[in-house]
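Trainee: Structure in structure tokens, see below.
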Amino acid sequence: MALSQPEIAPMTLPETAVVLSVMSILTLSVVHGASATADRAAVAEVQSAVVQAYRVAQSSARALGQPVELVLAPDSLVVQALGPDSQSIRRRPGPRASGVVLTPAGSATTYGPNGLAMGAGNITIVLVRGTVTRQIVISRLGRVRLN
């Protein structure tokens, strides 16, 4: 006497619809979570690069004993010495390379030989990607604060 395998009843249409619905909801939640994590990482990386550029500009102005300008643009972060022998101190890709939107789109801050910022008042830089938003506040003296 041979053993027979039990027959498996085929899935009905409603059962198939329920399984597909559950799978699509789970897939959507995983994809959304992964994209939010990628957005947070990209904005944090750009925030760190902008803060570092401000610190490099301020310390370079003190070290060189001459004005140094930091130019923030969507496509580049440039620190350059001002004066007769103007030289580029540091150049990095801007936030656009990481898909991060920079507001204001173009700004420049000049640090004097004493390391203090010259020019207008406070500036708030807003970095946005997806639903992630971070702010960097630069005081009129050139100090950097993260929000």
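Trainee: Confirm whether residue 142 is crowded, with 17+ Cβ neighbours inside 10 Å and at pLDDT below 90. Please lay out each step first, then the result.
Mentor: On the way: crowded, with 17+ Cβ neighbours inside 10 Å: yes; at pLDDT below 90: yes.
In short, yes.
Trainee: Would the stretch 60-67 turn up any residue that is of a type in the set (S, T, N, Q) and over 19 Å from residue 118 (Cα atoms)?
Mentor: Applying the first criterion (of a type in the set (S, T, N, Q)) to the stretch 60-67 yields 60, 66.
After this cut, where a residue has to be over 19 Å from residue 118 (Cα atoms) as well, the list is none.
No, that holds for no residue.
Trainee: Residue pairs, Cβ under 7 Å, 6 or more apart or interchain, first in the stretch 116-129 and touching a residue at least 40 places away in the same chain (Cβ under 8 Å) and within 17 Å of residue 97 (Cα to Cα), second surrounded by 13 or more Cβ atoms within 10 Å (Cβ to Cβ) and among the aromatic types (Phe, Trp, Tyr). List them.
Mentor: Sorted first by the residue in the stretch 116-129, then by its partner, the list stays empty.
Trainee: Hey, any hits in the stretch 78-99 for a residue that's surrounded by 12 or more Cβ atoms within 10 Å (Cβ to Cβ), touching a residue at least 24 places away in the same chain (Cβ under 8 Å) and in a loop (DSSP other than H, G, I, E, B)?
Mentor: For the stretch 78-99, residues surrounded by 12 or more Cβ atoms within 10 Å (Cβ to Cβ), touching a residue at least 24 places away in the same chain (Cβ under 8 Å) and in a loop (DSSP other than H, G, I, E, B): present.
Trainee: Working carefully through the options 58, 66, find the one that is farther than 17 Å from residue 135 by Cα and either assigned to a loop (DSSP other than H, G, I, E, B) or among the hydroxyl-bearing types (Ser, Thr, Tyr) (or both). Can you show your working first?
Mentor: Details: 58 fails: either assigned to a loop (DSSP other than H, G, I, E, B) or among the hydroxyl-bearing types (Ser, Thr, Tyr) (or both).
Being farther than 17 Å from residue 135 by Cα and either assigned to a loop (DSSP other than H, G, I, E, B) or among the hydroxyl-bearing types (Ser, Thr, Tyr) (or both) holds for just one of 58, 66, which is 66.
The values are calculated or read from the model by the stated rules, or taken from the named source; none is laboratory data. Every value quoted in this text rests on a predicted model; they were computed, and no experiment measured them. In this analysis, Cβ positions are derived from the backbone assuming ideal geometry, glycine residues included, and neighbour counts consider all displayed protein chains.
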